[in-house]
1. Separation between the residue 635 and residue 362 pseudo-spin-labels, each 7 Å from Cα along Cα→Cβ, expressed in nm?
2. Rank these for me by crowding, 171, 136, 91, 201, going from fewest to most other beta carbons within 10 Å.
3. Which of 454, 365 has the fewest other C-beta atoms within 10 Å, and how do the rest follow up to the most?
4. So, R0 is 22 Å and r is the distance between the beta-carbons of residue 93 and residue 535; what FRET efficiency does that work out to, to 0.05?
5. What residues qualify as long-range amide H neighbours of residue 364, i.e. H under 5 Å apart, gap of 5 or more or another chain, H built at 1.01 Å from N?
6. How much length, in nm to one decimal, is gained on full extension between residue 110 and residue 521, taken as 0.36 nm per residue of separation minus their Cα-Cα distance?
7. Roughly speaking, what is the stretch gain from residue 390 to residue 377, that is 0.36 nm per residue apart minus the C-alpha to C-alpha distance, in nm to one decimal?
8. With each pseudo-label sitting 7 Å past Cα toward Cβ, what's the residue 249-residue 610 distance in nm, one decimal?
Amino acid sequence: MPAEPGETRRAAHLYTFCLLMAAASGAADPMRPTMTPALGAERHGSGLGDRRSRRDPADPAKQWFSATSGSPYNELPTFPVRPSYAKYQSSLHMNSQCVVFDGAPGDPHRPSSTPIYQTATFVQPSADSYGSYDYSRSGNPTRTALEKHVAMLEAAHAAFAFSSGMAALNSVTRLLSSGDEMLVGSDIYGGMHRLVSRVTSMHGITVRKVDVTDVDAVRAAITDRTRMLHFESPSNPLMQIADVRALAKVCEEAKVIMSIDASMVPPVLMQCIPLGADIVVHSATKFLAGHSDTMAGVVCCRTEELAKRVAFYQNAEGTGLAPFDCWLVLRGIKTMALRVERAQSNAEQIALKLRKHPRVTAVHYAGLRPLAPDEEKALIIGKRAALSNSEVVKRRQLTADRAKPGAGAAAAPLGIRHPSDSLLEYLRVDIDKTHPLPTDEELEDRYVHGMAAYDTHFKQASGGGTVMSFTTGSVHLSQRIVDALRMFKLTVSFGSCNSLVEMPCVLSHASVPAEQRTIPEDLVRLSVGVEDVRDLLTDLMQAFELATHPHVHDVRLVSREGSHAAQSGPAGSPVASPSDGPLPTAAEVEGMRRQLALMSERVEVAEARRAEAKEEALVTRVSASRVASLAMGAVFVAGALAAGALIASSRRA
């Protein structure tokens with residue numbers, strides 16, 4: 001039945017009233033958002049109340065737009081400068097600065113957390129008067145709060161939040177023009193390598209690699225066309241250290257922009273702007289956010305001129321970070337100091353443990369002090385002795401003995417090798433290759449260079465960070481170790497509160513062609529989290545034990561059974577994956593070791609029985625062949641005698 005005209009009018013009035021009430025809910029908000037701000041605090045927050053109109057002479061926000069005065073409207077978006085309370089903030093220690101930050105100064109509601117301005121547009125005061133914001137692509141109060149906070153932490157003139165770390169890096173390359181030259185570090189993130197080699201170079205920009213650990217090499221590489229030097233310190237994933245201050249002086253003399261990707265070292269460990277960097281890039285996905293729940297990047301600029309250029313590209317290309325993601329990063333920053341402190345403490349203990357393990361050939365960690373020459377020599381000798389006497393080497397020798405000529409019947413019945421033989425081929429240890437004994441001169445040279453890098457890092461940073469990498473001398477062994485880990489999640493990225501593991505050559509740096517990689521194929525990268533370090537060490541040691549066991553073919557299956565035997569449910573129910581459950585207790589680990597020993601014993605007994613059965617069958621076949629030969633001889637003799645008798649009788653006849 002059609003509605004009566006009066007009912008239609010009443011419904012229309014009610015609908016209009018609801019729209020007006022929704023708009024009025026933010027009427028007191030000086031930002032004039034078209035959508036009500038989200039609850040970002042214990043109470044409603046209406047944003048930066050001191051930002052009113054661009055034309056209001058009493059507007060404190062006019063300093064935000066001074067750089068764009070005289071420019072066409074919206075040609076350049078706003079970019080934040082250090083707020084009026086910066087002096088108070090700068091008097092605090094870095095750990096306090098992460099927490100004590102007013103993301104909504106002047107807000108009459110005084111929210112304890114920065115509100116989320118989940119709105120696309122902002123209502124303007126009039127046709128000839130424009131507010132502080134108009135469109136969230138150009139600027140948003142939540143993003144402004146994040147950018148101000150990061151700029152304060154990095155001691156930068158301004159900072160800009162992007163939708164990802166790669167978007168932030170791309171905005172830096174946009175500062176170059178066709179015909180310019182860009183120098184990049186020889187060890188950089190795989191995504192950055194892909195960007196500069198396959199995108200930036202297509203725009204007429206020459207990109208060359210240089211060893212940034214050698215200041216003289218960088219100075220010699222700069223030409224009259226060089227406009228930018230970009231590098232990482234520590235680098236990803238080899239943890240190479242560059243002298244930021246020395247490189248900044250070289251770039252200043254040559255009038256070259258120095259950009260550093262400091263994703264490995266958050267501001268609580270190293271501030272790169274005071275060290276001389278012109279641009280600092282962070283993948284805020286990592287330590288700033290810290291929970292693997294958002295993607296973000298930030299670019300921090302030393303000067304207003306660079307800030308205006310970066311702001312233009314952020315607005316023109318629409319790469320600004322969304323409000324909710326900004327809020328997630330702001331929330332993560334509050335706990336960044338605590339997370340980094342705990343994870344770094346864990347990383348230091350893990351690095352020391354890994355360096356002593358016989359199957360580890362090298363550990364790369366900025367916080368690991370190099371060993372003195374005599375200490376390193378003793379460590380290498382100890383590892384060689386441990387590997388020489390290891391169960392894996394002994395079993396490899398037994399397999400080699402079975403494969404020698406004359407032992408083929410016992411070693412490979414019916415021409416089929418035992419499954420352990422192929423596994424032992426992978427686990428074979430070439431001690432002279434994996435753990436060569438260097439000369440005294442080589443040890444001394446290694447120590448001198450290691451201490452130089454160690455001292456350089458701690459002159460510009462307060463800690464070694466939470467990321468490390470190590471090698472084993474075998475790609476297959478590294479893969480087995482990664483598969484056997486349970487607390488360390490196999491994934492890309494780093495800087496999370498959870499511990500992560502990856503092999504760069506197949507994940508984070510897979511886009512780099514093999515012939516251009518500077519990293520070993522067997523490299524394993526660890527990002528240490530905030531878990532109990534005892535559990536992390538237990539997980540690592542059980543992974544090494546499973547990975548090097550000669551009769552464990554599928555380490556994931558054994559790891560799964562060992563950690564979930566008590567939780568597997570009824571018979572036939574699916575078993576959870578290694579990453580789905582907690583780390584086993586010490587008793588469970590010991591039980592798994594006994595299970596492995598029993599498996600080995602059973603395999604040995606089975607192999608011995610097969611060899612004995614083969615020998616018995618061989619003896620039986622030999623005996624049977626001898627009997628057959630004797631029988632055939634007897635038949636031949638009997639036949640010969642019969643033939644002789646027949647011939648003799650024929651002659652008599």
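1. Placing both labels 7 Å beyond Cα along the Cβ direction yields 7.2 nm.
2. On the way: 171 24, 136 21, 91 9, 201 14.
So the residues, fewest neighbours to most, are 91, 201, 136, 171.
3. Values: 454 17, 365 24.
Starting with the residue having the fewest Cβ neighbours, the order is 454, 365.
4. Values: r = 31 Å, r/R0 = 1.40.
Once the sixth-power term is evaluated, E becomes 0.10.
5. Result for residue 364 returns 469, 470.
6. Numbers: separation 411, 0.36 × 411 = 147.96 nm, distance 5.40 nm.
My answer for the length gained is 142.6 nm.
7. Working: separation 13, 0.36 × 13 = 4.68 nm, distance 1.99 nm.
Extra length available between residue 390 and residue 377 comes to 2.7 nm.
8. Rounded to a tenth, the inter-label distance reads 6.8 nm.
Values in this text are rule-based calculations from the coordinates and carry no lab data. Just so you know, these numbers come straight off a predicted model, no measurement behind them. Don't worry about glycine lacking a Cβ; one is built from the backbone with ideal geometry, like all the others, and counts go over all protein chains shown.
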